[in-house]
Amino acid sequence: MTTSAAFGAFTFSTVPNIVSETGAAKRIGALISQQFPNARRVLIVTDGGFLKTGMVNATIASLRDANLDVGIFSDVVADPPEAIVLQAVADARKNETDLVIGFGGGSSMDVAKLIAVLAGSDQELKTMYGIGNVKGGRLPLVQVPTTAGTGSEVTPISIVTTGATTKMGVVSPQLYADLAILDAELTVGLPPKVTAATGIDAMVHAIEAYTTKLKKNPLSDMLARQALTLLSNNIVAACEDGKNLAVRQAMLLGAMLAGQSFANAPCAAVHALAYPIGGIFHVPHGLSNSLVLPHVLRFNAPNAASLYAELAEIIAPGASGSAEARTQALIDRMDEIARCTGIETQLRQVGISESDLDRLADDAMLQTRLLTNNPREITRKDARAIYAAAL
């Protein structure tokens with residue numbers, strides 16, 4: 001089915017090399033040697049929790065078998081602050097790293113991107129915030145996601161916590177990796193709630209890319225629809241049986257396709273309103289998105305119902321009737337996925353009260369990079385009302 005939008009000129013960029021294969025991380029040394037024959041000293045960027053699982057050991061062994069010197073930076077935390085990024089860059093410089101591997105969730109991959117552009121440059125991190133402000137090149141970059149959610153392995157975006165609660169984005173084509181490796185074996189240990197929250201995050205990426213105001217295009221639409229097909233058909237099964245590798249691989253592929261889509265047709269108000277929830281209350285990013293999603297969809301419906309109706313055919317295949325009725329079916333299905341996977345569905349369940357709503361609304365209005373893409377303009381009053389509805 002064709003979408004109702006008329007397409008003009010557009011540009012589309014993505015990662016040039018993708019390997020989607022269960023077990024691929026165990027042969028990463030051969031993949032890197034083939035593509036980067038001059039690489040000698042690699043830095044794996046991950047978090048301490050994932051390092052302790054031992055799931056990175058086979059990757060380290062594969063790299064060493066390929067005669068690569070392996071360094072590990074495992075101090076990444078969720079919503080990584082500037083200090084962590086700068087510490088990682090210092091480590092990379094000290095070790096004379098010539099290739100960076102992001103190995104983990106979105107935070108690890110985001111830090112890996114910034115190491116790759118900062119380690120060989122004298123540009124300061126603070127001058128990179130915004131769109132298109134990275135100067136010069138970067139070190140070779142490989143991304144290996146261990147969650148099916150952020151799509152960071154194929155996006156040119158890195159999010160950094162810049163103050164006590166504020167976040168800034170670096171958006172630049174240099175942040176696209178050279179190689180992304182999707183290996184379901186790395187995701188089998190994810191608890192059901194994390195699987196659900198990250199999976200819904202990926203679905204939000206596709207939904208927002210499909211309805212974005214400024215850069216929606218035929219390729220981003222095709223990717224968003226295929227992403228939602230894979231994600232909606234597999235998310236509940238992935239939560240119920242986390243060891244099902246076929247389902248896990250489908251989730252990884254869906255999350256990556258959604259990442260390719262929103263990297264070119266950017267996210268909007270769901271993400272803008274989710275960022276303060278994560279920044280102030282340290283709620284995981286995927287869950288923050290899920291908490292505000294149904295309420296933003298309702299708000300946007302007057303401007304985006306026809307597009308939401310097209311997505312309802314994928315996510316809620318039995319939906320029928322008017323565009324508004326199918327939009328409601330889409331909202332109901334996303335709510336059903338959240339409830340049946342057991343994640344929180346109200347802001348009060350993550351420690352947010354009515355007295356916090358003004359601060360959340362103030363912070364959300366700072367996310368102009370995202371709000372400008374929303375199909376319906378959002379005022380501060382609107383943002384507060386959406387948070388109130390989510391409470």
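The values are calculated or read from the model by the stated rules, or taken from the named source; none is laboratory data. From a predicted model like this one, the values you see are computed outputs, not experimental measurements. Note: ideal-geometry Cβ built from the backbone for every residue, glycine included; neighbour counts use all protein chains shown. Quick note on the areas: whole protein, heavy atoms, side chains included, nothing else; ligands and nucleic acids left out. Shrake-Rupley method; radii C 1.70, N 1.55, O 1.52, S 1.80 Å.
Going through the stretch 249-270 one residue at a time, which ones are open to solvent by less than 10 Å² (accessible area, probe 1.4 Å), over 10 Å from the mean Cα position of the chain (by Cα) and not polar (S, T, N, Q)?
Result: Met251, Leu252, Gly254, Ala265, Cys267, Ala268, Ala269, Val270.
Of the residues in the stretch 212-224, how many are open to solvent by 10 Å² or more (accessible area, probe 1.4 Å) and either closer than 15 Å to Gly286 by Cα or within 17 Å of the chain's Cα centre (by Cα) (or both)?
1
Does Asp183 meet the test of being acidic (Asp, Glu), over 27 Å from Pro81 (Cβ atoms), at pLDDT 95 or above and under 17 Å from the mean Cα position of the chain (by Cα)? Before you say what the answer is, go through the steps one by one.
Working: acidic (Asp, Glu): yes; over 27 Å from Pro81 (Cβ atoms): yes; at pLDDT 95 or above: yes; under 17 Å from the mean Cα position of the chain (by Cα): yes.
So Asp183 passes the test.
Search the stretch 357-376 for residues that are among the basic types (Lys, Arg) and pair each with any residue that is open to solvent by 30 Å² or more (accessible area, probe 1.4 Å) when their beta-carbon atoms are under 6 Å apart and the residues are at least 6 apart or on different chains.
Arg376/Asn303
Listed here are the residues, each with its yes/no results for (1) open to solvent by 10 Å² or more (accessible area, probe 1.4 Å); (2) under 15 Å from the mean Cα position of the chain (by Cα).
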site	(1), (2)
Leu228	no, yes
Asn233	yes, no
Ala272	no, yes
Ile277	no, no
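Residue-wise test of (1) of a type in the set (Gly, Ala, Ser); (2) out of contact with any helix residue (DSSP H, G or I) (no Cβ under 8 Å at 6 or more places or on another chain); (3) open to solvent by less than 30 Å² (accessible area, probe 1.4 Å).
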{"position": "Ile101", "(1), (2), (3)": "no, no, yes"}
{"position": "Asp110", "(1), (2), (3)": "no, no, yes"}
{"position": "Leu118", "(1), (2), (3)": "no, no, yes"}
{"position": "Leu139", "(1), (2), (3)": "no, no, no"}
{"position": "Glu153", "(1), (2), (3)": "no, no, yes"}
{"position": "Thr187", "(1), (2), (3)": "no, no, yes"}
{"position": "Pro192", "(1), (2), (3)": "no, no, no"}
{"position": "Ala197", "(1), (2), (3)": "yes, no, yes"}
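Only one of Asp79, Asp47 is closer than 30 Å to Tyr210 by Cα and surrounded by 19 or more Cβ atoms within 10 Å (Cβ to Cβ). Can you tell me which?
Exactly one of Asp79, Asp47 is closer than 30 Å to Tyr210 by Cα and surrounded by 19 or more Cβ atoms within 10 Å (Cβ to Cβ), namely Asp79.
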